[in-house]
Structures are given as C-alpha cells and as structure tokens.
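Below: the structure, in structure tokens.
The values are calculated or read from the model by the stated rules, or taken from the named source; none is laboratory data. From a predicted model like this one, the values you see are computed outputs, not experimental measurements. Every residue, glycine among them, receives a Cβ derived from its backbone with ideal geometry; neighbour counts consider all protein chains shown. To get the accessible areas, we keep the full protein, side chains included, count just its heavy atoms, and leave off ligands, DNA and RNA. Shrake-Rupley method; radii C 1.70, N 1.55, O 1.52, S 1.80 Å.
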Amino acid sequence: EVGREGLERDAAALFIEVLRLRQECEYQRLSGDELREELARSKRREERLQDLIDAQSQTYAQHQHQLLLLEHRLASMPPPTPRSQPSPDRGGYAATPPSGGGGAGG
C-alpha cells in the first residue's frame, strides 16, 4: 500500500510536470510567433524606408543633374553688358540719347 501511494504521488508529480512543460511550450510557441510577426513588421518597415531612401536618392540625382546643366548654361552665357551701353539683345538704352533725337520734345 505504501508503495502504491508513492507511485501515485510520483504519477501526480509527473502529470503536473507534463502540464507545466506543455504550458511552457505553448508560451514559447506564442512568444516565437510574436517575435516572427515583429520581425516581419520590421522587415516591411525596412523595405518602406529603403524605398523612401531610393526615391530621395533619385530625386537628389535629378536635381544635381539639373543644377549641373544650369551651371553649364550659365557659364557659357556671355557676360552681362553694363546698362550704360546699348544692348539690343536686352532692350537696353544708351546713357546718352541717340543723335538727332533728344532734348525736350514738343
């Protein structure tokens, strides 16, 4: 009889240990699932950030190219003429009136 009680206690202890281990396994599985979901969210966020970085880099490259074209165009332009000289291409006027004109009109 004493041996049987000991066996029953051992069986009960083993049953409790099995339940505890099952619960621990379930907890670990759920924790693993949560970690995998968090990893997936992090990867999606990283992909979105990489897309933003790529778009920004492309915009920067386009603006840099436009800037270089404008700088080249500006460098190839003739220097501006002083306003005191006639400048037909700019519609400028001479500092002195043209001959034959001038004076107070009437």
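Worth a mention:
- Checked against the criterion of being out of contact with any strand residue (DSSP E or B) (no Cβ under 7 Å at 6 or more places or on another chain), of a type in the set (D, E, K, R), at pLDDT 95 or above and open to solvent by 100 Å² or more (accessible area, probe 1.4 Å), segment 7-14 contains not a single residue that satisfies it.
- For segment 28-44, the tally of residues that are open to solvent by less than 90 Å² (accessible area, probe 1.4 Å) and either at positive phi or polar (S, T, N, Q) (or both) stands at 2.
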